[in-house]
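Engineer: Handing you a structure now.
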Amino acid sequence: MSHPRALSGIAFATLLLIALMMGANHVAARLAFNNGVDVATAVVFRSCVTVLVLAVILWVQRVPLHFTPRHQRMLPLIGLLIGVQSLCLYSSVARLPVALALLAFNTYPIWTALWARVIYRQAPERALLLAMPVILLGLALALDVLGAASGLGASLQWSRIGAGVGFALAAACTFGLALVITQHEAADIDGRVRTATTLSMAGLMALCLVGVQGGFHFPQAAIGWWGLAALSLLYGTAFTVMFTLLPKLGVVGNSAIMNVEPVFALALAWLLLDQSIAPVQVAGALLVVGAVMALGLRKR
């Protein structure tokens, strides 16, 4: 039985850099949203830039393109789910403090286990069952569900955060379903090809939404253009690093270390957006991040 290689210092630093860029991407998105950009416009720009970057990688590295009939059926479905996830997550980022939106999204391991049980009859692992209450407790503290930290009380607190939390959980739910279907139906496709096709579908879905809404909503101030450019550049760069450097460093797939993204987002949102949360919410955030990382780093 083979065991995964231990992470080198360079690989560990690269994973942290990707987490930083992904967290910064969502902070940049909030800057864009605060200055007139809508969610669909942001997803179109982000998806197009990333797909172009991946297309160049596929061309330079001469990655073969081969799709079985099963792939041809499942990839559009996965792309549709990623499109819904992208729209929902950015909708949450537009309504909640960035770190809290990402923390609510970080419940996706629970949704993944639920979908695997419902669709493929797979029993959840004991480690996940133990982590579930920790994740939910940490999320409850981070979101201040009773309104104690804010002093608003439960009713007013939920009137303020309810829509954002709902969008984040919807993003986690659809992402969990996409992960399960990918694992069982499309895991044998090259990751670069799979990501390019699914993000193409997500971008096309967002473009249709742009058309329904009457066109693109562009920034109304220079800072909004910087936010739109940064979210596209950061997301595309993160994926480029993920698919070009990580395989050479011996890191297969996404590592749990990248789940520190909400922590980076918390710091960046405090510095750039003046978003801050109470100490008890920070403790809840660390519980969620710690539990999700423990799940990803456990020995199988």
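Bear in mind these aren't lab numbers, they're just calculated from the coordinates by the rules spelled out. The structure presented is a predicted model; accordingly, all values stated were derived computationally and were not measured. Glycine gets a Cβ as well: all are built from the backbone with ideal geometry, and neighbour counts include every protein chain shown.
Engineer: Residue farthest toward the positive end of the dipole of the chain, with Cβ of Lys/Arg at +1 and Asp/Glu at -1: which of Ala32, Val51, Gly211?
Structural biologist: Val51
Engineer: With point charges of +1 on the Cβ of Lys and Arg and -1 on the Cβ of Asp and Glu, referenced to the Cα centre of the chain, which listed residue (Leu20, Phe167, Ile10) lies farthest in the positive direction of the dipole?
Structural biologist: The listed residue farthest towards the positive side: Ile10.
Engineer: Return the single residue from Pro69, Pro109, Pro219 with maximal mean-square fluctuation; model: Gaussian network over the chain, springs between Cα atoms under 10 Å.
Structural biologist: Answer for the Gaussian network model of the chain: Pro69.
Engineer: Is any residue of the stretch 91-111 close enough, with backbone N under 17 Å, to a label point placed 7 angstrom from the Cα of Trp270 along the Cα-Cβ axis, and if so, which?
Structural biologist: 97-103
Engineer: Springs between alpha-carbon atoms under 10 Å, Gaussian network over the chain: tell me which of Arg126, Arg30, Arg73 tops the mean-square fluctuations.
Structural biologist: Maximum fluctuation in the GNM of the chain, among the listed residues, is at Arg126.
Engineer: Here are some values of Kirkwood radius over Cα pairs in Å: [x] 19.8; [y] 18.6; [z] 21.3. Which one was computed from this structure?
Structural biologist: Among [x] 19.8; [y] 18.6; [z] 21.3, the one derived from this structure is [x].
Engineer: Moving on to the next point. What are the DSSP H helices in the chain that stretch 18 Å or more along their long axis, judged by alpha-carbon atoms, and whose average Kyte-Doolittle hydropathy comes to at least -1.0?
Structural biologist: Those that pass (Cα extent of 18 Å or more, hydropathy at least -1.0) are 9-33, 39-60, 69-93, 126-143, 153-185, 191-212, 222-244, 279-297.
Engineer: If you take the Cα Rg of the stretch 1-158 and divide it by 2.2 N^0.38 Å, with N the number of residues, what do you get?
Structural biologist: Compared with the compact-globule rule of thumb, the stretch 1-158 sits at 1.30.
Engineer: Another question, then. Build a GNM of the chain with springs between Cα atoms under 10 Å: which of Cys208, Cys88, Cys48 gets the top mean-square fluctuation?
Structural biologist: Cys208
Engineer: Still on this model: For the stretch 70-90 and the stretch 127-185, what is the separation of their C-alpha centers, rounded to whole Å?
Structural biologist: Their Cα centres are 21 Å away from one another.
Engineer: Can you give the FRET efficiency to the nearest 0.05 for Val60 and Ser155, using r as the Cβ-Cβ distance and R₀ = 45 Å?
Structural biologist: 0.20
Engineer: Compute the signed sum of charges (Lys and Arg +1, Asp and Glu -1) over the other residues within less than 15 Å, Cβ to Cβ, of Ser91.
Structural biologist: That sum, taken over residues with Cβ under 15 Å, equals +2.
Engineer: What 222 nm value per residue comes from the helices of the chain, counting each DSSP H run with n ≥ 4 as -39,500 (n - 2.57) and dividing by all residues, nearest 500 deg cm²/dmol?
Structural biologist: -25000 deg cm²/dmol
Engineer: Sticking with this one: Between beta-carbons, use under 12 Å as the cut-off and find the net charge around Gly164, counting Lys and Arg +1, Asp and Glu -1.
Structural biologist: Charge balance near Gly164 sits at +3.
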